[in-house]
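Comments concern the structure below.
Each reported figure results from applying straightforward, stated rules to the coordinates on display, with no laboratory input. These numbers were taken from a predicted model, which means no experiment stands behind them. Positions of Cβ are generated from backbone atoms using ideal geometry, with glycine treated the same way; all protein chains shown enter the neighbour counts.
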């Protein structure tokens, strides 16, 4: 079975600093993968290279078999990217925003409309669909951006810190949506600092530091590495990251 | 081209945003706005009517004088358009936050750049085009068909100015880097835009006789260049004389220049956009404030106060002692003044500009305990006095 994402020997340097260092990563189709790591570990840089926003210095990236570097359009059609601070158009309404995003991915209005309705209703934004996003709260903006990321029904959804700054109710809605997405066969990669979220949602977890993957596996596998069945993800994380930093 | 993600789809999105931003920028009630636009339309209508009537009485002959005057007017327009386009191009990279969204989508990069630059060209040319069209709509009524080419000539001038601005922006990015490009492009844009105004003011500083001579010299210098019928520089002016071969050549040059510039600009667009997002190479910051930051709490505070005073000189009026205190404290104050609650005094001296930052400073680990000690001491003194 083709992997949702295959990254091989991916390297990116900014001047003298190596942000991503010969990274190998495989995300299976239909799984939720959490990428954890301290600030500056290379999580966002990796995701930005997968989306084609940054050109890697070396290595290869394949999204469902499509080469991101040589055939970016085919790869981009299959993925969606939600940055930690998504850019919405202030002067567009939520509905217009979704129409525009659907258009960018080549989805015609007739197909996009029922999908947009479903997403907005699920996220509790249906009543606000004709309001301009300039008046939205952070949570509403985040939900609108998430709906935008899902409007073209991507096979691989990548989210960078999707729960930062959201209140509990909104965070729950986002988590429910991600779980529903995975149940229906979609693949999700998320980076987060909230270890609890990774612990509860992720099928597999990768811990990255200094641009290198320190450890990867299910929670049980990671616990095994940390040498304790009762260890929490926080224990495992701190143990690995502490060792990595040392 | 017409479907979702096509050029027209993206262009209509850009135009919608431009229109909504334009509407949001206008303040005032609907009635006031309606009156303003009615007045503007009427003014354009009447102005266009009289201008068209005047022009129709002149038979356009492509001689040096006529070509020179039209060419001069187009050169002024070109400089204004170039200035505006340069500013809009840098703004489109630095201020619009949607680049990540567009570049992460499956829309080809050249299409994103083409649409964005076309929107800039439309933004730049729209004002001038409205003025020209206001005249051109009346021309057929007075038999002034010969002047009808002025509208397409101005439209093409917009494309050409945007192309040159794109090339300039790309060169600036390559030579001085994305961080400096913004400032330099704004300065350059302002200078180009103001060039003719500045040039026209130069003779004012000389005496009357020499002023007239200077004006004559400028006129004599410009007219033969842009008015020479065989010179390529007079092509836009010749194109403005009507629907002729010169207009076709001018159209071909402007469109090809625009497309080539877009293609060249697109080649480095994603790299430049990434660099602007702060993901490119980073230099060590070595400003005075950064040096002060590295050299301790007191230097940081003094540096902060100076910066606030520089940015808002009104603080000096609000607190007349600010300058004197800062001068006294800058590099001379010693923390050793323990007997009179020296540290809290030091903190007070350093916070003359903004009282509200006390909370931030209290949270600062080095100063928090000093401030508390100073406070406790002054409380004790007050208690002693009250007894």
Protection proxy ranking of B:142-151, A:26-35 - average other beta-carbon atoms within 10 Å, highest first
A:26-35, B:142-151
Ranked highest first by average number of other Cβ atoms within 10 Å, how do B:86-93, A:191-198, B:191-198 line up?
B:86-93, A:191-198, B:191-198
With springs connecting C-alpha atoms under 10 Å apart, model chain A as a Gaussian network and identify which of A:200, A:132, A:223 has the largest mean-square fluctuation.
A:200
For B:221-229, B:158-166, ranked highest to lowest by mean beta-carbon neighbours within 10 Å, the order is B:158-166, B:221-229
Averaged across A:5-15, how many Cβ atoms of other chains sit within 10 Å of each residue's Cβ atom?
1
Could you state the angle between the C-alpha long axis of helix A:168-183 and the longest principal axis of the C-alpha atoms of chain A, as a value from 0 to 90 degrees rounded to the nearest 10?
80 degrees
Using Cα centres only, tell me the gap between the stretch B:219-242 and the stretch B:135-165 in whole Å.
16 Å
Under a point spin-label approximation (7 Å from Cα along Cα-to-Cβ), what is the residue B:201-residue B:307 distance to one decimal in nm?
3.3 nm
How do B:61, A:85, A:216 line up, fewest other C-beta atoms within 10 Å first?
B:61, A:85, A:216
If you bin the C-alpha pair distances of the stretch B:25-90 every 5 Å from 0, what whole percents do you get?
3, 13, 10, 13, 15, 18, 14, 8, 4, 1, 0
Given the Cα-Cα distance of residue B:22 and residue B:8 and 0.36 nm per residue of separation, how much length would full extension add, in nm?
3.0 nm
What is the average number of partner chain Cβ atoms found within 10 Å of a Cβ in A:45-56?
3
Restricting to DSSP H runs of at least four residues, report the calculated mean residue ellipticity at 222 nm for chain A, -39500 (n - 2.57) per run over all residues, nearest 500 deg cm²/dmol.
-11500 deg cm²/dmol
What ratio of Cα Rg to 2.2 N^0.38 Å holds for the stretch B:74-144?
1.51
Distance in nm between label sites at residue A:69 and residue B:245, each 7 Å beyond Cα in the beta-carbon direction?
5.3 nm
If you take the beta carbon distance between residue B:183 and residue A:28 as r and set R0 to 41 Å, what does 1/(1 + (r/R0)^6) give as a FRET efficiency, to the nearest 0.05?
0.25
Per-residue average of other protein chain Cβ atoms inside 10 Å, peptide A:101-111 -> 4
Distance histogram in 5 Å bins (all Cα pairs of chain A, percent per bin):
1, 6, 14, 17, 19, 16, 13, 8, 4, 2, 0, 0
Taking the simple approach of a point 7 Å from Cα along Cα-to-Cβ for both residue A:111 and residue B:46, what is their distance in nm?
5.6 nm
Relative contact order, percent, the stretch B:1-119 [alpha-carbon distance under 8 Å, six or more residues apart]:
51 percent
Using a Gaussian network model of chain A whose springs link C-alpha atoms within less than 10 Å, name the residue from A:112, A:41, A:16 with the highest mean-square fluctuation.
A:16
Multiplying the sequence separation of residue A:130 and residue A:9 by 0.36 nm and subtracting their Cα-Cα distance, what value in nm do you get?
39.0 nm
Computed over the stretch B:43-182, Kirkwood Rh from alpha-carbon pairs, angstrom
17.1 Å
